[in-house]
Amino acid sequence: MIEREGDGLRVSGPMLISNASALLKAGRGFLQAMPAAAAGQAAAVVVLDLKAVGETDSSALGVVFGLLRTARERGAE
């Protein structure tokens, strides 16, 4: 599960190939709902909290990199 927590995203449970697409889609939805940084403004910092992730496989990296790419597109770090 992924949920918005303050200025960041919190992932809990497994990050496996079976749920990677759903996590990425939900995370991108949260990021795209955040206001984009305007020109001249400091970039927002988005924290991805993975402390509650219990199990991962290599697809977890794809989710993290996909969320990073979306955050950067929105002007966030």
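May I ask you to list the residues in segment 10-47 that are outside any helix (DSSP H, G or I), open to solvent by less than 60 Å² (accessible area, probe 1.4 Å), at pLDDT 95 or above and not β-branched (Val, Ile, Thr)?
12, 13, 14, 15, 16, 19
For residues in segment 48-77 being in a loop (DSSP other than H, G, I, E, B) and open to solvent by 40 Å² or more (accessible area, probe 1.4 Å), which is nearest to residue 7 (Cα to Cα)?
77
The values are calculated or read from the model by the stated rules, or taken from the named source; none is laboratory data. These numbers come from a predicted model, not from an experiment. Side chains included, ligands, DNA and RNA excluded: accessible areas come from the protein's heavy atoms. Shrake-Rupley method; radii C 1.70, N 1.55, O 1.52, S 1.80 Å.
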